[in-house]
Amino acid sequence: MSQTQVATENLVHVSDLVKDYDELRAVDGIGFDVKRGETFGLLGPNGAGKTTTMRMLAGLSPATDGSITVAGMDVAKSGRDVRNVIGVVTQHDGLDNSLVVHRNLEMHGYLAGLSYREAIKRTKEVLGFFNLESRANASIHALSGGMKRRLAIARAMMASPQLLVMDEPTTGLDPQSRNRVWEQLGALKESGVTIIMSTHYMIEAETLCDRLAIMDHGNILDIGEPDEVVRHHVGAEVAMLQIGDSATREERAALRRQLEEEGRDYSEVGPRILVTAPRGTKPDVSTLTDIVEMRVTYRPAHLEDVFLVLTGRELRDE
Ligand code: ATP
């Protein structure tokens, strides 16, 4: 699976991309580049436009406006050629339950243009790469959720694509299976494959992505390396204010008023109030501690904090 990695060359270029579903603008004029060999994440609440963006990228859904090029090819004009250099893993694995594991791979390779002989050879390679050799003859029903995800990724790699597009590759997996998928995505990246993936797991984005875009309502709110995005929006450390049980409703209200008056960046997570200091190191909460009895602890800021600051806390799709 070795491919030449040229870190500075853009493999994907997206500009002014729009998708309308009747009255709904699902993607609202976004643009980004993905370098060859990079792992690029799309993050955002439900309905943000991630899947729609990836479907357009993979040539599965036409854009309403704007352009996408992959490996120098315009997706709108050269859809078939573009599909030859992209492997797609959708949210639903789409495995054929009537075929055993190796037949699923061979059939996909064959449909992707490999000769029968090439498909058999390539199946052995990807089964080895994804540690699925011992399951070659297993029925799909006999696989665990984690194995099915790995098989879906293996299948997308059958035609040795330059770009792997994955919609939530580890949703629903237990931590062990998720780790296994991460290891294998790491190995694919090592071999030079460019990856675009969506995820709702901030730890997954921090672990795998070189850069990421945070989307909401069809727009990109920010784009950058995970560390850079965290520093920019929430600083280095987060202050966690744990209000004492004896605090009155008035004291709590006074604390919120003070936070608002001082123009603080804060979010309420369960019984705690998290205070962040964009571009700063450690938020100074000395003006807050006299208002109500509280315990203050600090922890390093992470992507989840950015996500809440940028996309708010209201529930989506409910
Ligand atoms: P999730 O995290 O829930 O997968 P997402 O960020 O992938 O969300 P999309 O699936 O791209 O979001 O949806 C963006 C918007 O477009 C949503 O409002 C959704 O309801 C709408 N949408 C998506 N597909 C269609 C479709 N085929 N027809 C009409 N509206 C659609």
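The values are calculated or read from the model by the stated rules, or taken from the named source; none is laboratory data. It should be emphasised that the depicted structure is a prediction, and the values quoted were computed from it without experimental measurement. Glycine gets a Cβ as well: all are built from the backbone with ideal geometry, and neighbour counts include every protein chain shown.
Answer yes or no: is there a residue in region 75-82 that is within 27 Å of G186 (Cα to Cα) and touching a residue at least 40 places away in the same chain (Cβ under 8 Å). Within region 75-82 (the criterion being within 27 Å of G186 (Cα to Cα) and touching a residue at least 40 places away in the same chain (Cβ under 8 Å)), the answer is no, since none of the residues qualifies.
For (1) under 27 Å from G145 (Cβ atoms); (2) among the small types (G, A, S); (3) at pLDDT 95 or above, each residue gets a yes or a no:
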| position | (1), (2), (3) |
| --- | --- |
| Q3 | no, no, no |
| I30 | no, no, yes |
| E38 | no, no, yes |
| M54 | yes, no, yes |
| A76 | no, yes, no |
| G94 | yes, yes, no |
| L99 | yes, no, yes |
| N104 | yes, no, yes |
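Give region 229-245 a look and list any residue that's within 29 Å of the chain's Cα centre (by Cα) and among the β-branched types (V, I, T), or say none. Scanning region 229-245 gives V229, V230, V234, V238.
Only residues that are buried (at least 17 other Cβ atoms within 10 Å of the Cβ) and within 16 Å of the ligand (Cβ to nearest atom): list them for region 8-21, please. Result: V14, L17, K19.
For region 152-190, the candidate set comprises residues that are within 16 Å of the ligand (Cβ to nearest atom) and under 23 Å from L111 (Cβ atoms); within that set, the residue that is surrounded by the fewest Cβ atoms within 10 Å (Cβ to Cβ) is D167.
Are there any pairs, at least 6 apart or on different chains, whose C-beta atoms fall under 9 Å, with the first in region 137-154 and under 18 Å from W182 (Cα atoms) and the second part of a helix (DSSP H, G or I) and of a type in the set (F, W, Y), and if so, which? Qualifying pairs under 9 Å: A154/F129. Tell me, please, whether a residue that is in contact (Cβ under 8 Å) with a residue 40 or more places away in the chain, assigned to a loop (DSSP other than H, G, I, E, B) and on the phi < 0 side of the Ramachandran plot can be found in region 9-18. The answer is no, given that none of the residues of region 9-18 is in contact (Cβ under 8 Å) with a residue 40 or more places away in the chain, assigned to a loop (DSSP other than H, G, I, E, B) and on the phi < 0 side of the Ramachandran plot. Where helices (runs of 4 or more DSSP H) fall entirely within region 139-208, those with at least 3 residues that are over 16 Å from L42 (Cβ atoms) are at 145-156, 175-190.
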